[in-house]
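Undergrad: Here you go, one structure.
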Amino acid sequence: MATDTVSEDTTADEPPLTDAEMQQAVKDNPAMRHLEWPVTTVNPVRVRWRYAIGIPFIHLLACLAFFPYFFSWTGVVLSILGLYIFGTLGINLCYHRLLTHQGFVAPKWLEHTFAVLGVCTMQDTPACWVAMHRIHHKHSDHRTDPHSPLVNFFWGHCGWLMIINRDFINVYDYEKYTRDILRDPFYLKLERNENWLWIYATSMAVFFLGGFGAALAMGGTLAAAVQFGLSLLVWGVFVRTVVTWHITWSVNSFTHIWGYKNYDTDDNSRNNWLVGLWSNGEGWHNNHHADQRAAAHGHKWWEFDVTWITIRSLEMLGLVRDVVRPRVWTKSAA
Ligand SMILES: [Zn+2]
Ligand SMILES: [Zn+2]
């Protein structure tokens, strides 16, 4: 599927627009919101098979949820809770606001715990995610942005993951963007020997064996225990992983196309209330582009941001410190 749309080299000879030209074009005429693929896409184009096969494959596993055999209410509840635990705490709070933007400081034990939750969403290692995202901020909606949806919606959503980009072939390519992260041996270890994938596999085992053991302990038959364990695996891991992916991806796609701007940024970032709600606060993306370090992405009182509420609660409990507030709050308070 992905290979059909990307098999030709569209980065051919025409000179790319400079950043300034692109910026002006987008500002002058919304219909010109179109970009070529990132210049960092390898030439000739090569498919990143691990992602091009892995992403549809996990979607197929999630589709097992349509079979009644794999259903249990416990699985559904774990899936919904998992969106918060793995998606909000692991990705929004840790990968994004803490590791990428250093919006607050957490003790190492807590930071690493949140990072492991992020790894369990199968969105790459912390260092790789941080590198991609820092490059995105550096070149937002310009030709070197790894995932601008101004190329096309599918590219910005997840197509970009399936094509080899020179910036992400291995850790040596993105090391320069993540020296602060890789200085910590914990994050370096996650890069080695596919350790991060083993953590994901362990989370699968925990969900299955947890369900299997609980059913047996409550006097269920072996067959019932297998069924219950599988229901937790399908709903608690595969369905939750796929939903978390689309939530994160929608921040890259939807909120660089649709929504309103509070700030006149040099990119096409938008505040999108739908994404704001389903991503627990990451959809206030224009605010975020305007004030990247701020740990709160909702700047107006009605821009509801569950991730910020969580960070604020951790701060009140004394678990995190040096929390960066949006400049617009501190300015208006002064
Ligand atoms: Zn960011
Ligand atoms: Zn963005």
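Undergrad: Taking the Cα atoms only, what angle lies between the long axis of helix 126-138 and the longest principal axis of the chain, rounded to 10 degrees?
TA: 20 degrees
Undergrad: Return one number: the angle in degrees, 0 to 90 and rounded to the nearest 10, between the long axis of the Cα atoms of helix 19-28 and the longest principal axis of the Cα atoms of the chain.
TA: 90 degrees
Undergrad: What 222 nm value per residue comes from the helices of the chain, counting each DSSP H run with n ≥ 4 as -39,500 (n - 2.57) and dividing by all residues, nearest 500 deg cm²/dmol?
TA: The helix-only estimate for the chain comes to -14000 deg cm²/dmol at 222 nm.
Undergrad: Equivalent-ellipsoid semi-axes (√(5λ), Cα gyration tensor) for the chain, whole Å, largest first? Kindly include the intermediate steps, with their values, before the conclusion.
TA: On the way: eigenvalues 225, 130, 73 Å².
So the three semi-axes of the chain are 34, 26, 19 Å.
Undergrad: Cβ under 15 Å from Tyr51's Cβ, Tyr51 left aside: what net charge do those residues give with Lys, Arg +1 and Asp, Glu -1? Provide the component values of the computation, followed by the final result.
TA: Numbers: positive: Arg46, Arg48, Arg50; negative: Asp124, Asp167, Glu194.
Result for the neighbourhood of Tyr51: 0.
Undergrad: Which is farthest toward the positive dipole end of the chain among Pro56, Gly159, Leu81, measuring Cα position about the Cα centre, with Cβ charges +1 (Lys, Arg) and -1 (Asp, Glu)?
TA: Leu81
Undergrad: Once amide H atoms are placed 1.01 Å from N in the peptide plane, what residues at a sequence separation of 5 or more from Thr41, or on another chain, have their amide H within under 5 Å of its amide H?
TA: Arg166
Undergrad: Report the trypsin sites (Lys or Arg not before Pro) located in the stretch 103-190 that are in a DSSP loop and have at most 16 other Cβ atoms inside 10 Å of their Cβ, or state none.
TA: On the way: sites: Lys108, Arg134, Lys138, Arg143, Arg166, Lys176, Arg179, Arg183, Lys189; in loops: Arg143, Arg183.
Sites meeting the loop and neighbour criteria: Arg183.
Undergrad: Note down the nm distance, to one decimal, between modelled labels 7 Å out along Cα→Cβ at Ala224 and at Trp329.
TA: Here the answer is 5.0 nm between the modelled labels.
Undergrad: Another question, then. Give the angle, between 0 and 90 degrees and rounded to the nearest 10, that separates the Cα long axis of helix 195-217 from the longest principal axis of the Cα atoms of the chain.
TA: The helix 195-217 is inclined about 30 degrees to the chain.
Undergrad: With viscosity set to 1.002 mPa s and temperature to 20 °C, compute the Stokes-Einstein D of the stretch 83-134, Rh being the Kirkwood radius across alpha carbon pairs; µm²/s, no decimals.
TA: Working: Rh = 10.4 Å.
D = 205 µm²/s.
Undergrad: Measure off 7 Å from each Cα along the Cα-to-Cβ vector at Thr113 and His137, then give the distance between these two points in nanometres to one decimal.
TA: About 2.5 nm, to one decimal.
Undergrad: Which one, Val234, Val119, Val226, has the greatest fluctuation when you compute a Gaussian network model over the chain with C-alpha springs under 10 angstrom?
TA: Comparing Val234, Val119, Val226 in the GNM, the peak value goes to Val226.
Undergrad: OK, next. Mind pulling up the Rg/Rh value for the stretch 128-236? Radius of gyration and Kirkwood radius, both on Cα.
TA: Reported Rg/Rh, Kirkwood definition of Rh: 1.18.
Undergrad: I've got another one for you. Apply the Kirkwood formula to the stretch 79-165: the hydrodynamic radius equals the inverse of the mean of 1/r over all pairs of different alpha-carbon atoms; give it in Å with one decimal.
TA: 13.7 Å
Undergrad: What's the FRET efficiency of Phe71 with Lys189 using the Cβ-Cβ distance as r and R₀ = 35 Å, to the nearest 0.05? All intermediate terms of the calculation are to be shown ahead of the outcome.
TA: Details: r = 37 Å, r/R0 = 1.07.
Approximately 0.40, to the nearest 0.05.
Undergrad: Can I ask one more? In sequence order, what are the phi-derived ³J(HN,Hα) couplings for the stretch 168-174 according to the Karplus relation 6.51 cos²θ - 1.76 cosθ + 1.60 with θ = phi - 60°, rounded to whole Hz, with x for glycine and proline?
TA: Each residue's phi maps through the Karplus curve to give 10, 5, 7, 4, 5, 6, 9 Hz.
Here, each number is a calculation from the coordinates, and none is a lab measurement. In this text the structure is predicted, and so the values were computed from the model without any measurement. Here the Cβ is made from the backbone with ideal geometry for all residues, glycine too, and neighbour counts use every protein chain on show.
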